[in-house]
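The values are calculated or read from the model by the stated rules, or taken from the named source; none is laboratory data. On a predicted model such as this, the values are computed, not experimentally measured, just so you know. Cβ: placed from backbone, ideal geometry, glycine included. Neighbour counts: every protein chain shown.
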Amino acid sequence: MDGTCLFLGTGASSGIPVIGCHCPICSSRAVHNRRLRSSVLIRINQKVLLIDSGPDFRQQALIHKIDRLDALLLTHTHYDHIAGIDELRAYYFRDKWPVPCLLSQESFQELESRYDYLFERREDSTKTAQFKFQILENDFGSTAIADIPVDYFSYSQCNMKVTGFRFGNFAYVTDIREYGHEIFAALSGVQKLVVGAISKAKSHAHFTVDEAVEFALKVGAHHTWLTHIAHHLDHDATEQLLPPEIRLGYDGLEIEFRI
Ligand SMILES: [Zn+2]
Ligand SMILES: [Zn+2]
């Protein structure tokens, strides 16, 4: 099967431009320097899967005409990855069908405390998004969501567990800071890799560009795109310093993979 990954957003938690910032990147007119919060849309075999639903989801859904969703996959529960989750109510209002949601046990618990009202069982439950949660049992493994097979693996960021997802020869690894060596077994054979990288400067929560490049080289992917990019990186200038097989993602970019 063939699949596609559409980058709905490639920005760090504040997006670019950052509110109130007049730095050269935030003031840039180059379209690739405008980034909504990080999220991707996966299409495989007529199924439409969303990875993360950040604060820009409504805008992303309107830009890319995301008229239906077959599932939501969550990497973790920081604001920039879940703040748009209730926007998925649009699909529930119309279809009266809870969207399957794949996530770790830790993410499930955190979501329950941050969005407790989504979990209330009301008679009239049509005021919010509704989900059918599918909780991952392990840190590494394989499952299926919306009849699409998916491998998953775990790493962490600021003591929060983050889940990465793999479909065939494609993997999405955002918000990565600490990881165990077993991640390379989970990513073995991945040819198209998306990995988070925030800036050139050291970060307690993310890879630097150099660390992301080193990680991608260890994975051995043929093509890598960096995502979750902050306003310190000019798109074109940064790409000039990267090996040709490693590029910066940008909003609206679509790539193909095999599953
Ligand atoms: Zn993030
Ligand atoms: Zn700025």
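Just a few scattered comments:
- Of all residues in the stretch 189-203, those being in a loop (DSSP other than H, G, I, E, B) and either among the β-branched types (Val, Ile, Thr) or without any contact (Cβ under 8 Å) to a residue 12 or more places away in the chain (or both) number 3.
- Flag for Leu36 being more than 16 Å from ligand 2 (Cβ to nearest atom) and within 16 Å of the chain's Cα centre (by Cα): no
- Subset of the stretch 1-44 [at pLDDT 95 or above, in a loop (DSSP other than H, G, I, E, B), touching a Lys or Arg at 6+ places or on another chain (Cβ under 9 Å) and more than 16 Å from Ile63 (Cβ to Cβ)]: Ala12, Ser13, Ser14, Pro17, Ser28
- Only a single criterion out of (1) surrounded by 20 or more Cβ atoms within 10 Å (Cβ to Cβ); (2) on the phi > 0 side of the Ramachandran plot is not satisfied by Gly9, namely (2).
- Looking only at residues of the stretch 217-256 that are in a helix (DSSP H, G or I) and within 16 Å of ligand 2 (Cβ to nearest atom), we find that the one that is farthest from Ala197 (Cα to Cα) is Ala237.
- Test: residue in the stretch 195-216 that is of a type in the set (A, V, I, L, M), surrounded by 22 or more Cβ atoms within 10 Å (Cβ to Cβ), within 16 Å of ligand 2 (Cβ to nearest atom) and within 30 Å of Leu69 (Cα to Cα): yes
- In the stretch 4-32, the residues that are of a type in the set (Val, Ile, Thr) form Cβ pairs under 6 Å with partners that are part of a strand (DSSP E or B) and at pLDDT 95 or above, at six or more places apart or across chains, as follows: Thr4/Arg43; Thr4/Glu254; Thr4/Glu256; Thr10/Arg35; Thr10/Thr227; Thr10/Ile229; Ile16/Arg35.
- Residues (touching a residue at least 40 places away in the same chain (Cβ under 8 Å) and of a type outside the set (A, V, I, L, M, F, W, C)) located in the stretch 158-172: Lys161, Thr163, Gly164, Gly168, Asn169, Tyr172
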